[in-house]
Each structure stands twice: as C-alpha cells, then as structure tokens.
Amino acid sequence: MATTLTPDLMAASDKQITDTVLRETARLRSFIRQRMPDANEAEDVLQDVFHELVEASRLPQPIEQVGAWLFRVARNRIVDRFRKKREQQLPDTEQLDDEDSGIAELLPMDNAGPETTYARSVLLAALSDALDELPPKQRDVFIAHELERRSFKELAADSGESVNTLLARKRYAVLHLRQRLQEIYDEFDL
C-alpha cells in the first residue's frame, strides 16, 4: 500500500530539505567553484543539485547519505556541463553548410592589390601542400565540403559514415591546415 503524504509528513520532509540545504550549501558551492571557472555556471549547477534533491525527496526510498549523494550529483552535473560545452565547440552542420561560409572567406581578396594577390597565391600554394600532408579521409572530407560545397548529410549518405565522424575528420584537417598556414598569415599580417 502506497504511503500518502499528510501535511505533517510534508512539513517534516520540507524541514529536512531546508536543513540539508543550509548545512551543505557552503561546502557544495566551494566544491563546484573549484571545478568551474564561471561563477554563474557554478550557481546554476548548485541550483540544479538542490532541485534534484527536492525531486529525490518525493521518491518513496530515502537517500541514505545525503551529503555524499549531493556531491555525486554535483560532480555529474559538472561533467554534463563540460560535455555539453565540448559538443558546442565543434562546428554544427548548419553553420558549416552555410553557402556564404567557406575557404574563400579565409583567403585575402584577389583584387585588393598586388601585395594581396601575391599573399593569396602563396597561401593557395601552401594550402595545396598542406592538403597533400593530410590523411586521405580527412583530405577527402575537407575537399568535398569546402571546395565542392557538398553538405555533411550528403557526404554521410554517400560514404555510409556518420555526420559526426565526418565533422571530426574535417575538424582535424582544419586544425592541421591552420597550424601549417599560420606562419604565412603572420608573415603577411593577414
């Protein structure tokens, strides 16, 4: 038979939650702040943890060691936030599929004068060499997406690879190309 919550039981539960929040807030905040550089995000995590506590208090089974449970929930929320950030740092397919974005935007305009035209030709030659250094799968994805303007969805359908795999390959290619071309950008002050 299910236990019904009477006003007395609800008041006792609310008091336990309040006592726990008052007792653990300072330690928990310190724990979270040591692991998260942004104070606002740390506060958000703290609030998420306490929200989870309230939700868990409604479950029929009590939490055995509330302090340890809170720190475990906090650690999980921090990990979730970092995972989410890492995922957001990868370019999304909509951004990469935009018709206006592409390698042409990274190159100096070819009609901006002789010096800029020369810089563009040097960059294009270096880009060609750097592309030859890439592993074939990275090179193929980069060329298909940037030069042939094919979408990641289309590439995934043709190759049988997942969009995320193709995104990762392009990302590695871009990182390599940036590193290889940075010296030229610095030399020409582009």
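The values are calculated or read from the model by the stated rules, or taken from the named source; none is laboratory data. Everything quoted here is computed from the prediction, not taken from an experiment. Every residue, glycine as well, gets a Cβ built from its backbone with ideal geometry; the counts of neighbours run over all protein chains shown. The protein model used for the area step is the full one, side chains on, heavy atoms only, and it has no ligands, DNA or RNA in it. Shrake-Rupley method; radii C 1.70, N 1.55, O 1.52, S 1.80 Å.
If you go through the range 134-190 and keep only what is in contact (Cβ under 8 Å) with a residue 60 or more places away in the chain and not in a helix (DSSP H, G or I), you end up with just L190. Taken together, R81, R77 contain a single residue that is part of a helix (DSSP H, G or I), closer than 26 Å to N164 by Cβ, of a type in the set (D, E, K, R) and at pLDDT below 85, which is R81. The lone criterion from (1) in a helix (DSSP H, G or I); (2) at pLDDT 70 or above left unmet by E94 is number (2).
Across the range 159-168, the qualifying residues are those that are open to solvent by 50 Å² or more (accessible area, probe 1.4 Å) and not hydroxyl-bearing (S, T, Y), and the one among them that is farthest from L131 (Cα to Cα) is G160.
If A156 satisfies every condition in (1) out of contact with any Ser or Thr (no Cβ under 7 Å at 6 or more places or on another chain); (2) over 18 Å from R180 (Cα atoms); (3) modelled with pLDDT of 90 or more but one, which is the exception? The failed condition is (1). Cβ-Cβ under 7 Å, sequence separation 6+ or interchain: first residue in the range 35-49 and more than 12 Å from D80 (Cβ to Cβ) and at pLDDT 90 or above, partner open to solvent by 60 Å² or more (accessible area, probe 1.4 Å) and polar (S, T, N, Q). Which pairs? Correct list of pairs: empty, since none qualify.
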